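Everything on this sheet refers to the single structure shown next.
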């Protein structure tokens with residue numbers, strides 16, 4: 001059946017899960033671990049009770065190198081970066097290896113990567129230098145904040161500029177601290193960045209599937225149903241709900257991957273046709289369309305690792321108008337600017353001899369997209 005490309009029936013051409021999987025597919029997984037550096041205005045869900053917040057959809061253009069030397073540009077709703085942390089020196093920084101950071105021996109100069117890969121090559125499972133892939137969102141944290149002076153993390157002294165004026169920051173006030181900053185300006189939300197490691201990131205993407213059962217057009221909860229996945233070129237149905245024999249996981253894998261249409265040979269993501277029980281213009285909600293409640297759960301064995309628990313979420317709804325001016329993406333690319341190799345050398349006390357690489361140093365073709373539809377049965 002040809003559903004066509006009527007915009008009123010199509011889901012988003014590039015959903016959060018599609019763009020997430022596309023980005024992940026280009027980045028080989030490498031272990032890392034380690035403790036992250038300290039950043040101002042960072043959001044971290046509490047270990048004690050759930051925090052309430054809204055994830056703000058971003059629009060970040062990033063370049064990712066492939067194993068065959070190509071640069072793929074992606075526009076993502078989050079900002080990916082790599083951080084290094086030296087466990088002995090207790091110093092961390094943002095990786096400077098560039099788009100080919102995921103490929104050993106093929107990245108731009110970065111002392112963190114040099115040390116990390118050197119230990120791996122020497123058979124050390126956990127050397128002093130960690131390498132950790134991170135994913136950062138802008139969030140609107142619903143809580144009481146006071147505008148107070150910044151203090152040095154080590155000494156507790158107030159940080160000032162060259163004229164002696166204190167730097168200010170919005171600091172969370174918990175319910176039991178309501179008298180901690182008398183007379184200070186307060187507000188009921190703050191714009192922060194939420195930086196997730198792979199474990200917490202995976203949890204969040206799994207919850208996006210559940211949130212997607214609701215409709216952001218009418219706000220209905222669990223009202224959305226998949227009718228078909230269609231070719232982004234000709235509109236032919238490649239997967240139909242009423243006749244498919246695919247499992248939910250198989251549908252998820254195909255719908256978040258590029259496929260080749262057997263009819264028109266278009267290569268790309270499929271578009272979803274949905275119906276909503278509550279309205280005639282249904283649209284799947286994503287994590288950006290709801291208010292979330294989440295907390296971290298500590299390691300029962302006493303380790304440093306935590307797990308993320310999404311405890312609840314609202315029906316899809318617009319951002320509270322009181323906070324609309326803060327519900328905008330932060331300049332995460334500026335916050336997580338790579339540390340220049342010269343600064344890394346000062347920080348770590350050693351130099352790198354690695355030079356930038358050229359595309360000719362790469363080789364390995366990617367697997368072709370699976371073919372659906374055409375002369376083959378519709379799944």
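Just so you know, all these numbers are worked out from the coordinates, no wet-lab data involved. The structure displayed is predicted, hence computed values, not measured ones. Please note: Cβ atoms are built from the backbone with ideal geometry, for glycine as well, and neighbour counts cover all protein chains shown.
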Give me 188, 195 ranked fewest to most by other Cβ atoms within 10 Å of their Cβ, as a rough exposure proxy. 188, 195
Sort 230, 321 so that the residue with the fewest other Cβ atoms within 10 Å of its own Cβ comes first and the one with the most comes last. 321, 230
For a quick protection proxy, order the peptides 198-206, 48-56, 255-263 by their average other-Cβ count within 10 Å, most packed first. 255-263, 48-56, 198-206
Expressed as a percent, the portion of alpha-carbon pairs in the range 16-372 spaced more than 26 Å apart is 60
Using a ≥ b ≥ c from the Cα gyration tensor of the range 273-325 (square roots of the eigenvalues), is it rounded, prolate or oblate, where a/c under 1.5 gives rounded and otherwise the larger of a/b and b/c decides, a/b for prolate? oblate
